[in-house]
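This report refers to the structure that appears directly beneath it.
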Amino acid sequence: MAIAAIGKYEFAPADAIEKFHGAQLLYIGWEDHLLFCAPFAFPFPPTMPFGAIVEQVLPGSFGYHPDFARIDWEKAEWFKSGKPWQPDFSKSLADNGLKHKDVIRFRTPGLTGIAGSGS
């Protein structure tokens, strides 16, 4: 099937950082848990400590999965843009190098979904 271009498609993004009143979008996904089919998008201030996300935000988003209560956060493996990455829980998102619309994912060794199903 042939594709016909209609010219340049230029527009201002609807999700530009200026639209979030000082917050930035951060996408967070949990590997091996397809109950959550895609990363969640959260608007966080860049000054927010990374540890606050793990302690205060993730339980409300992922906490109803039976594996969540068994996570050993010291053993969690983190990825930023698909590459291994290690956050500092005491530092802010900005100090951890996280920017608007970054995607991070975490893997929890030994926890691979309900009865190991990946879901």
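The values are calculated or read from the model by the stated rules, or taken from the named source; none is laboratory data. None of the values given here were measured: they were computed from a predicted structure. Ideal geometry is used to build each Cβ from the backbone, glycine not excepted, and the neighbour counts take in all protein chains shown.
Filtering the range 41-61 to residues that are more than 22 Å from GLU74 (Cα to Cα) and hydrophobic (A, V, I, L, M, F, W, C) leaves ALA41, PHE42, PHE44.
Would you check which residues across the range 17-39 are touching a residue at least 40 places away in the same chain (Cβ under 8 Å), over 25 Å from SER119 (Cα atoms) and not in a helix (DSSP H, G or I) and list them? Hits for the range 17-39 are GLN24, LEU25.
For PHE42, are the conditions met, namely being closer than 13 Å to ARG107 by Cβ and outside any loop (DSSP other than H, G, I, E, B)? No; evaluated as a whole, the condition is false for this residue.
When PHE11 is tested against (1) at pLDDT 90 or above; (2) over 29 Å from GLY110 (Cα atoms), exactly one condition is not met: (1). Only a single criterion out of (1) under 19 Å from PHE42 (Cα atoms); (2) in contact with a Lys or Arg (Cβ under 9 Å, 6 or more places away or on another chain); (3) among the small types (Gly, Ala, Ser) is not satisfied by SER81, namely (2).
Checked against (1) of a type in the set (Asp, Glu); (2) touching a Lys or Arg at 6+ places or on another chain (Cβ under 6 Å); (3) exposed (fewer than 14 other Cβ atoms within 10 Å of the Cβ), GLU31 passes all but a single condition, namely (3).
Scanning the range 62-108 for residues that are farther than 18 Å from GLN24 by Cα, touching a residue at least 24 places away in the same chain (Cβ under 8 Å) and not in a loop (DSSP other than H, G, I, E, B) yields PHE62, ARG70, GLU77, TRP78, PHE79, PHE106, ARG107.
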